[in-house]
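Novice: I'd like to ask you about the structure that follows.
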C-alpha cells in the first residue's frame, strides 16, 4: 500500500506503517510485575521500569505539566542552549565597574534574604564586606548599620548575572571574574576565590580576611586582568571537559582544573605582571579551589542561556542563602521556589561536628544545575568519601541523576562511565515523578559568624521547592 | 486471635505482587486474615472493616495487617512477609551503574543505549495506576514508541491528547484499558498463545479480541498482529483515532491478508469513519450490538473469506444429573458473571433477559486487580446465587490466572449442589499455558456445561431458562 497519505484537507499525513510491526519485539514494562513476567515466559526482550508513585499530591500537576503542548520542544530548546554554551574567561574587573554596584549595595548567595533572617556566616560575610568597603569602623558598628538598614541594599547575586560561593557576598570593590558565552552572547560574573580557612565566604571577617581582600583587589585582580589581556580569553568549556577526565567533579574537587588554569595563565602572568608574578602564582597554587569560581561563572552563563523559554520545566538555578534553598525554572521567569536549607551530611575538619554546621549555603549549586558537582561524582573517585565510601556509591550518585535530567552533556564526559556525557538539565517533573532529589556536593560553613569552613559533604535540596515550581508550571 | 498491624512508610510494591504475598500469607497455618497492600483509602477501609486498628497513613505507605490464632503464627507470617518482600527488593536493587530505570523515558534511553544495532525498544506496556498512566505513556510517545496502556481509570482527555501526539509521531496508542495485544508474536497483557498467520485484528475490546483470535486458532488460522486500541476508541469523543491508525498500519503490513475489526457497540460516526478508510485489504467487522454479527459469526465470516472450513467449536455438555440436564431442571433467572466486558455485552444481547455483571468494569477494578487475575469478587457473587442459571466466562492465556479452575471448579460444584445450572464460556487455545482441555475437563467434571464460543454458551443458557419457562 502507499506509504504517504493525505487527510481530507489534502495535508500530508505521517507514514501509515508502524515500525513495531516489522521489528523484533522489545518491550518496556512499567507497572504490574505479572505482565512483565508473562513476557519473560515468552522470552521477549524487555526493559523493566522500577516504577513507584510520584511524590504524594503531585499526580494532577504532573499530568497537567506533561499535557502542556509546549513542554517537549521548550525543554529541548532550553537544555540545548544550556549544553551548547561556550563559556570563556574574558576578564577580571571590579564589581563597581562590571555590575555598576553602588557603595552600600551587597549581593549575596541564594534567593533574596533580609538581615533579620540571615544566618551566622551570611551575617559575618556582610560584616566583613562593610569593613572592607570602609563603611563601618568595627564589626559591632557594621552589625548595627546592617541591622538598621539605612543606606544598605541587599540583593541576590542571581539577579545580577552573578554567582558567589558560600555566603557569596559581593561588594563594589571586589574584583570579579568575567565569563562570556561565545555561543549565545551572555555574560556572568563570580568573585575571586580567597582560599581556605578563615575567609569571607565562610563568614569570617577578621583583619586577615579584610587584608587578603585588599591584596586581591590591589594585586591579584589587576595581574590576572593584564595576563588575560595578553593571552586572550581562556576556553572554560575545554578546560572543564579536561578536568572531568582528570578526576575533578568541579565542585568539591577542583585540583585538576586549578592546575590546568595555572598552566594556561602562568606565562602571561609572568609577562604581564613580572613584579607580582611569584606571589600571584603562589597564591593560586596554594588553593585547590581557585578554579571553582571560574567554573561557577561558566555554569551560570550556561544556565542563563536556558532561561525564559515559555513552557520549559528545566531548572536554571539552584542556590542557598544559609536559610532557604531556592530554585528557578526556565518557563517561570525570575520567580524563586524555596524550602528550608538543610544541614549537609558530611565529613568534618578537626574537632568540628554536625552541631557546628550552618544550614546549606552558597550559589555553587550552579555546578549541579549544569551537570557538574554531585552530578559528575562518578568522575571524581578521589573524593568518594563524601558520598558514602566507595566508587560504586559515586557511580550510583551520577547514574541516579540521569533519571531527573533532560540530556547528557556533549562535551563534559565521564571516562569511568564509558565517556558518557554528564547528566545535565534538571526537570522538575522528573524530580516529582521519581522522588529523586538532585545530589549536591558542598562545603559546610560554621554556624557562628567568623568560624569559617567546618567540613564538606552532601546535601539534599527540599522537595517542596520542586513541587511548588511544578504547581506554578500549570498556571504559567 | 492475635492481630499485627504495621505501617511501613515509603515502601512501594505493585498491587498484584502484594496480592500474591497476601495470598501466600493467608495460606499459612493459623493465619485467618492477611492484608499486605498499599495504604490507599480503599485498602485501609478494608482492613478497618475486618476489625484491625489501623493508625493514620498516607497512600504512599505499605499497610500490613495479619490476624492469626497464636502469637507464633503471627510471628511466622511476619517472617514470611519479610522474606518475600526482601526477595522482591533484591530483584529490584542493584548498585552502581546497573540500577533499573525509574521512568519509561529513562527505560527507552537505556534500551536504546544497551542494544547497539538492535534499535532499542519497540513498544511500552504501561500498567501503573490510572492517575499516573498518562505520564508513562507520554514518555513512550515522546521517545517515538508505540504504547499499550493496560491501566484503566484514565481520563478521556488524556487519551485523546496521547492519541493525537502519537499520530504526529507515527506511533500507536493502544488503550487505555487495553487488555490484549499480540505484536510480532509477543503477547502483551492478557494474550492467548496464537499461531502466526494471515489475519490482522484491530480490537476496541480485549476479551472480544481474545475470543475471535482463540476461535481462529481453534480453526487452524493464525494471526499476523492483534492491535488493541482500548474500549473507548470508537466512542464519539475519541472517534476511532487509534483504530484508524491501526487499520492503516495493518493495511500496509505485508503479512496481513485480511483485517478483522472487533469493537463494543461503537458510536455511529466513529463506525462510519473506520468503514470509510478505503483500505486495500479486505475488512470484516464485528461491531457488537443488536442486529449485528456476534463474535463467533464474525470469525465464521473470516473463515469463509479465506476459503476455510468452519469447524464444530469444541464444547463439553454438562454431565448427566447436573442442574440443567434432562430430569434435573433448574429454577430461577439467568445471572451473567463476566470478567470480560465485550463477552458480557455479547452474551446479554443473545440472552435477551437476565442480570449481567462485568467484573472487569472500572467500577470494580478501582484499587484492586482485574478479575482475570483476582477472582475473589466474582467467586463471592457465584457463591451467592441460590437458583437459576449462571453464565460466566473463563479467559486463558498469558497474564491471566495460571490455573483458574483451581478456585472456580469447587465453586461451580457448590453452585450445582444448590441446584444452579452453570454455563462456562472458556476462551483460550491449545497452546495456552493453562491448557484448554485440562481447564475444560475440570470445570465440566464440577458440573458446568463448557463452550469455547461465548455466543454458543449464551444461547445454551438462554435455552435453559426458556426450557424452564415452557415446562
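The values are calculated or read from the model by the stated rules, or taken from the named source; none is laboratory data. Quantities reported herein were computed from a predicted structural model and do not represent experimental measurements. Cβ placement follows ideal geometry from the backbone for every residue including glycine, while neighbour counts extend to all protein chains displayed.
Novice: Consider segment A:380-408. How many of its residues are touching a strand residue (DSSP E or B) at 6+ places or on another chain (Cβ under 7 Å) and closer than 25 Å to residue A:327 by Cα?
Specialist: Final tally of qualifying residues: 10.
Novice: Another question about this same structure. With (1) surrounded by fewer than 18 Cβ atoms within 10 Å (Cβ to Cβ); (2) under 26 Å from the mean Cα position of the chain (by Cα); (3) assigned to a loop (DSSP other than H, G, I, E, B); (4) at pLDDT 90 or above as the list, and residue B:280 as the residue in question, which single condition is left unmet?
Specialist: Going through (1) surrounded by fewer than 18 Cβ atoms within 10 Å (Cβ to Cβ); (2) under 26 Å from the mean Cα position of the chain (by Cα); (3) assigned to a loop (DSSP other than H, G, I, E, B); (4) at pLDDT 90 or above one by one, residue B:280 breaks only (2).
Novice: Now for a separate question. Look through B:149, B:123 and report the one residue that is touching a strand residue (DSSP E or B) at 6+ places or on another chain (Cβ under 8 Å), at the interface with another protein chain (Cβ under 9 Å from one of its Cβ atoms) and modelled with pLDDT of 95 or more.
Specialist: Selected residue: B:123, the only one of B:149, B:123 that is touching a strand residue (DSSP E or B) at 6+ places or on another chain (Cβ under 8 Å), at the interface with another protein chain (Cβ under 9 Å from one of its Cβ atoms) and modelled with pLDDT of 95 or more.
Novice: Looking only at segment A:54-75, filter to residues that are surrounded by 18 or more Cβ atoms within 10 Å (Cβ to Cβ) and facing another protein chain (nearest Cβ under 7 Å); which one of those is farthest from residue B:11 (Cα to Cα)?
Specialist: If we take residues in segment A:54-75 being surrounded by 18 or more Cβ atoms within 10 Å (Cβ to Cβ) and facing another protein chain (nearest Cβ under 7 Å), then A:66 is farthest from residue B:11 (Cα to Cα).
Novice: Evaluate the following for residue A:468: is it over 29 Å from residue A:236 (Cβ atoms), within 11 Å of chain B (Cβ to nearest Cβ) and either assigned to a strand (DSSP E or B) or over 16 Å from the mean Cα position of the chain (by Cα) (or both)?
Specialist: Answer is no for this residue.
Novice: Now for a different question. Does residue A:227 fit the bill of being surrounded by 22 or more Cβ atoms within 10 Å (Cβ to Cβ), touching a residue at least 40 places away in the same chain (Cβ under 8 Å) and touching a helix residue (DSSP H, G or I) at 6+ places or on another chain (Cβ under 6 Å)?
Specialist: yes
Novice: Quick check on this structure: which one of B:92, B:45, B:117 is at pLDDT below 90 and within 7 Å of chain A (Cβ to nearest Cβ)?
Specialist: B:92
Novice: Evaluate the following for residue B:46: is it without any contact (Cβ under 8 Å) to a residue 24 or more places away in the chain and closer than 25 Å to residue B:377 by Cβ?
Specialist: So residue B:46 passes the test.
Novice: Next question. Just the residues that are crowded, with 19+ Cβ neighbours inside 10 Å and free of Cβ contacts under 8 Å to residues at least 40 places away in the same chain, please, taken from segment B:358-374.
Specialist: Hits for segment B:358-374 are B:358, B:359, B:371.
Novice: Residues to consider are A:410, A:340; find the one that is at pLDDT 90 or above, surrounded by fewer than 19 Cβ atoms within 10 Å (Cβ to Cβ) and under 30 Å from residue A:116 (Cβ atoms).
Specialist: A:340
Novice: Here's another thing I want to ask about it. Out of A:239, A:265, report the one residue that is over 29 Å from residue A:420 (Cβ atoms) and either surrounded by fewer than 24 Cβ atoms within 10 Å (Cβ to Cβ) or at pLDDT 95 or above (or both).
Specialist: Just one listed residue meets the conditions, A:265.
Novice: From the list A:98, A:44, which residue is away from every other protein chain (no Cβ under 13 Å) and touching a strand residue (DSSP E or B) at 6+ places or on another chain (Cβ under 6 Å)?
Specialist: Among A:98, A:44, only A:98 is away from every other protein chain (no Cβ under 13 Å) and touching a strand residue (DSSP E or B) at 6+ places or on another chain (Cβ under 6 Å).
Here's the yes/no breakdown for (1) touching a strand residue (DSSP E or B) at 6+ places or on another chain (Cβ under 8 Å); (2) free of Cβ contacts under 8 Å to residues at least 12 places away in the same chain:
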{"site": "B:174", "(1), (2)": "yes, no"}
{"site": "B:183", "(1), (2)": "yes, no"}
{"site": "B:186", "(1), (2)": "yes, yes"}
{"site": "B:205", "(1), (2)": "yes, no"}
{"site": "B:215", "(1), (2)": "no, no"}
{"site": "B:227", "(1), (2)": "yes, no"}
{"site": "B:231", "(1), (2)": "yes, no"}
{"site": "B:234", "(1), (2)": "yes, no"}
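Novice: Would you mind telling me which numbered condition in (1) surrounded by fewer than 17 Cβ atoms within 10 Å (Cβ to Cβ); (2) in contact (Cβ under 8 Å) with a residue 40 or more places away in the chain; (3) in a loop (DSSP other than H, G, I, E, B) residue A:347 fails?
Specialist: Among (1) surrounded by fewer than 17 Cβ atoms within 10 Å (Cβ to Cβ); (2) in contact (Cβ under 8 Å) with a residue 40 or more places away in the chain; (3) in a loop (DSSP other than H, G, I, E, B), residue A:347 violates only (3).
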